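Working notes for the structure below.
The values are calculated or read from the model by the stated rules, or taken from the named source; none is laboratory data. Keep in mind that this is a model prediction, so the values were computed, not measured. Here the Cβ positions follow ideal geometry from the backbone for every residue, glycine too, while neighbour counts run over all protein chains shown. Ligands, DNA and RNA are excluded from the accessible area calculation, which covers all protein heavy atoms including side chains. Shrake-Rupley method; radii C 1.70, N 1.55, O 1.52, S 1.80 Å.
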Amino acid sequence: MKQNIIIIGATSAIAEAVARRYAESGAQLFLVARNNDKLQLIANDLKIRGASAVQTWVMDANDNEAILPMLDAAWNAFNSYDVALIAHGTLPDQARTETDMIYALDQFCTNGDSVIACLTGLAMRFEPQGKGVIAVISSVAGDRGRASNALYGAAKAAINTYASGLRVRLFKSGVHVLLIKPGFVATPMTAKLDLPARLTVTADKVATDIQKAINKRKNVLYTPWFWQWIMLIIRTIPEFLFKKMKL
Amino acid sequence: MANLLSWGRYPRQPQQPHAVNWSEDVPATLSAIAALKQGATLAFGCGRSYGDSCLAESNHVLATSGMNRLLAADWETGIITAEAGLTLSELTRIALPHGWFLSVTPGTQFVTLGGAVANDVHGKNHHVMGTFGCHVSHLTMIRSDEGLVECSPVQRPELFAATVGGLGLTGIILTVTLQLRRVESNEIDQRSIRFDNLDEFFALSKSHDVAHEYTVAWVDCLAKGKNAGRGHFICGNHAPNGQLKPIAPTGLAVPVDLPFSLVNPLSLGLFNTFYYHRQLHKDVASRVNYSSFFYPLDGLRQWNRIYGQAGFQQYQCVIPEQHGADVIRDIMNTIANSGSGSFLAVLKQCGKIPSIGLLSFPLHGVSLALDFPQRDALNIRLFNKLDALVHEAGGRLYPAKDAHISSIHFKQAYPDWSKVEALRDPQLQSQFWKRVTQ
């Protein structure tokens with residue numbers, strides 16, 4: 001069956017990898033991102049890979065007023081959606097967030113507020129459909145506040161809590177919410193970090209897990225799987241010890 | 001991102017990757033590496049070059065594997081344009097259901113288009129299809145001194161000729177346009193014929209190269225005396241009327257770097273003897289999928305790790321036709337007597353189709369390739385003897401596999417090297433090129 005997919009933050013590496021998987025099964029895709037040149041490159045590529053139709057929309061997710069017009073355009077393009085994926089985000093410079101309040105709040109907006117705004121808008125559209133999966137990319141960083149990425153983690157924690165509530169709210173309507181928590185993924189966002197090679201996976205691997213989780217209507221996905229156990233340990237460390245650790 | 005090594009893991013010079021996921025990132029990344037003032041850089045795709053031709057002077061490389069989008073595909077004509085980081089594996093997966101396959105494929109599908117162009121790779125059909133570069137019609141690149149440039153056999157042909165087989169030195173390749181070839185199935189009609197000596201190999205090659213698009217031979221290079229030169233001759237053609245389903249690569253991998261090499265005289269002797277006797281009948285015909293026909297080694301990811309920490313070198317030479325039989329026999333004897341063996345050696349008759357590439361490796365003649373665990377003194381002694389034989393016969397070594405050739409031998413074997421040097425991007429330099437040209 002031909003599926004319709006909408007992706008916000010479509011030029012992110014994980015989103016592109018997910019889009020390719022759907023394109024290969026002949027899906028119709030509506031892609032949203034800031035950079036039109038990159039969007040056109042991706043749209044073209046997805047059509048060659050088998051997408052039956054691709055439409056693009058240029059939008060800055062931080063522009064709250066742009067979200068509803070974007071959704072109007074999306075539902076005009078293809079009149080219902082099976083899957084929505086919210087994938088935009090940045091990796092803030094934690095050191096700078098500690099002294100530059102304006103920067104810190106800007107970053108919180110991009111990774112927290114704008115995601116909640118998109119979730120709200122998508123819920124308004126999905127609820128009357130009575131079907132579909134809204135998937136949102138968070139991070140294992142949202143599971144516990146750490147000194148090295150407190151602001152990023154806080155924004156992701158906000159998404160986690162909001163998504164959990166939204167899942168409950170939409171359950172009766174038949175719409176499902178999937179919360180995705182990737183660990184270390186080699187992408188442009190993390191290119192400057194010195195990630196441990198053994199724990200780092202490709203965007204493609206994460207995309208495979210995401211597609212499976214969408215199909216199985218999983219509630220929360222840790223990807224790759226072992227992060228579920230790593231984070232379980234990290235969450236259970238008592239605070240009096242945790243504050244002395246350099247994690 | 002983790003640091004990168006060449007496929008042979010020798011010389012062990014970890015490369016720090018700077019990912020470029022979009023063409024528009026290339027100029028800024030080039031500038032960022034230049035600002036480090038550690039020397040010139042190089043594009044790095046899948047890291048399947050064995051020696052030091054994929055290692056940058058600065059040990060900082062532009063990692064291009066994220067730049068892997070298709071820009072255009074005409075499924076009527078089989079002409080496709082894609083970004084240089086796209087792998088042959090991915091391209092096959094996308095093109096095969098439309099009835100198209102690579103015109104030329106090397107022995108692994110885990111190489112990028114950019115790497116295939118930069119090394120002007122060849123395959124089992126060299127005698128009928130020439131090299132990879134023979135099927136490339138257009139390239140775009142970014143040069144640090146000129147910005148975006150385009151070239152083709154008719155547009156700036158001198159730059160095109162320097163880039164095909166040009167080891168990535170003439171610019172960062174952004175896109176490649178190439179011609180695919182029609183197939184009717186994902187299978188190959190294969191014949192495997194056991195032979196007892198090199199004379200038989202040359203006779204088989206002569207009689208089967210005409211009727212088969214693909215031919216190659218595996219030879220037991222440890223066998224001496226009456227067994228010397230024994231092996232299997234494998235030939236095939238694309239099978240008609242079948243499925244066009246791509247074959248998914250297996251997930252099997254060597255998970256860690258082994259502390260020592262599994263490749264030693266005992267394991268090699270057993271393996272080669274077992275391999276020779278694997279088929280009871282002299283001549284076996286079968287239908288196999290393209291993946292097991294072209295890419296048997298891709299079945300075990302990271303197989304290079306079996307050579308342990310020290311790594312290995314591959315020795316690949318081509319000997320011109322008129323001396324082929326005699327010199328290959330001398331080389332095989334020299335290797336067998338050295339005891340420093342290798343898994344099965346690969347013999348391939350290369351054809352007459354010339355490549356436009358100035359540094360393209362194949363010649364009309366016979367190519368021989370084999371792997372040696374890295375043991376410094378042993379390899380140097382043996383390679384010196386082999387180099388002398390190759391050199392005297394007017395043959396040459398394959399830069400993509402090399403980590404040892406002398407500057408004198410290289411310059412004589414590739415007299416056009418100076419034309420490539422003249423067109424080299426000043427911000428691009430490999431450890432190989434520095435070694436053989438300076």
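Charge dipole of segment B:187-413 (Cα centre as origin; +1 on each Lys and Arg Cβ, -1 on each Asp and Glu Cβ, all else neutral): 220 debye, rounded to the nearest 20. Annotation: amide H of B:L71 within the under-5 Å range of B:T81, B:A82, B:E83, sequence separation 5 or more or interchain, hydrogens built in the peptide plane.
Taking segment A:2-32 and a reference point 7 angstrom along Cα→Cβ of A:K131, the backbone N atoms nearer than 12 Å belong to A:2-4. With the helix formula -39500 (n - 2.57) applied to DSSP H stretches of n ≥ 4, the protein assembly as shown reaches a computed 222 nm mean residue ellipticity of -10000 deg cm²/dmol.
Per residue, the protein assembly as shown exposes an accessible area of 41 Å² to a 1.4 Å probe, with every protein chain left in place. Sequence gap at least 6, Cα distance under 8 Å: using those rules, report the relative contact order of segment B:70-183 to the nearest whole percent. 33 percent.
Inter-label distance, A:D37 to B:I353: 3.6 nm, where each label sits 7 Å from its Cα along the C-beta direction. Within segment B:1-47, the residues that become at least 40 Å² less accessible when every protein chain is included than when their own chain is isolated (1.4 Å probe; DNA, RNA and ligands ignored) are B:M1, B:W22, B:E24.
For segment A:1-143, a crude dipole built from +1 on the beta carbon of Lys and Arg and -1 on the beta carbon of Asp and Glu, taken about the Cα centre, is about 740 debye to the nearest 20.
Indicate the gyration tensor shape class of the protein assembly as shown (rounded, prolate or oblate), computed on the Cα atoms with a ≥ b ≥ c the square roots of the eigenvalues: a/c under 1.5 is rounded; otherwise a/b larger than b/c is prolate and the rest oblate.
Judged from the Cα gyration tensor, the protein assembly as shown comes out prolate (a/c at least 1.5, a/b above b/c).
Along segment B:211-217 the Karplus relation, 6.51 cos²θ - 1.76 cosθ + 1.60 evaluated at θ = phi - 60°, assigns HN-Hα couplings of 8, 10, 5, 10, 9, 6, 9 Hz to successive residues, with x for each Gly and Pro.
Here the Karplus relation 6.51 cos²θ - 1.76 cosθ + 1.60, evaluated at θ = phi - 60°, turns the backbone of segment A:11-28 into coupling constants of 8, 6, 4, 5, 4, 5, 5, 5, 4, 4, 5, 6, 4, 5, 9, x, 5, 9 Hz, with x for every Gly and Pro. May I ask you to give the percent of accessible area on the protein assembly as shown that is carbon plus sulfur, with a probe radius of 1.4 Å? Ligands and nucleic acids excluded, carbon and sulfur give 57 percent. Under the classification rounded if a/c is under 1.5, otherwise prolate if a/b is larger than b/c and oblate if not, where does segment B:183-278 fall, given a ≥ b ≥ c as square roots of the Cα gyration tensor eigenvalues? Verdict is oblate for segment B:183-278.
Between A:E98 and A:A147, the modelled labels are 0.7 nm apart [label points 7 Å from Cα along Cα→Cβ]. Nearest 100 Å², what total accessible surface is buried between chain B and chain A (probe 1.4 Å)? When B and A are taken together, about 1500 Å² of accessible area is lost.
Taken one residue at a time, the phi angles of segment B:85-90 give Karplus couplings (6.51, -1.76, 1.60, θ = phi - 60°) of x, 5, 8, 5, 4, 5 Hz. Gly and Pro are set to x. Under the simplified labelling scheme, the B:L280-A:T202 pair shows an inter-label distance of 4.2 nm, with each label point 7 Å from Cα along Cα→Cβ. Rounded if a/c is under 1.5, else prolate if a/b is larger than b/c, else oblate: which is segment A:103-228, with a ≥ b ≥ c the root eigenvalues of its Cα gyration tensor? Verdict is oblate for segment A:103-228.
Between their Cα atoms, which of A:K2/A:K181; A:K156/A:K216; B:K245/B:K352; A:K205/B:K348; B:K385/B:K434; B:K226/B:K348 are more than 29 Å away from each other?
The answer is B:K245/B:K352; A:K205/B:K348.
In this structure, the amide hydrogen of B:N21, modeled 1.01 Å from its nitrogen in the peptide plane, lies closer than 5 angstrom to no residue at least 5 positions away or on a different chain. Each principal axis of the Cα atoms in segment B:98-180 has its own extent, and those three values, largest first, are 38, 26, 25 angstrom. For chain B, the relative contact order comes to 20 percent (Cα pairs under 8 Å, sequence separation of at least 6). Return the whole-Å distance between the Cα centroid of segment A:111-126 and the Cα centroid of segment B:362-382. With segment A:111-126 and segment B:362-382 each reduced to a Cα centre, they are spaced 61 Å.
Taking the charge dipole of the protein assembly as shown about its Cα centre, with +1 at Lys and Arg Cβ atoms and -1 at Asp and Glu Cβ atoms, the residue from B:F432, B:Q279, B:L370 reaching farthest to the positive side is B:Q279. Annotation: amide H of B:G242 within the under-5 Å range of B:S185, sequence separation 5 or more or interchain, hydrogens built in the peptide plane.
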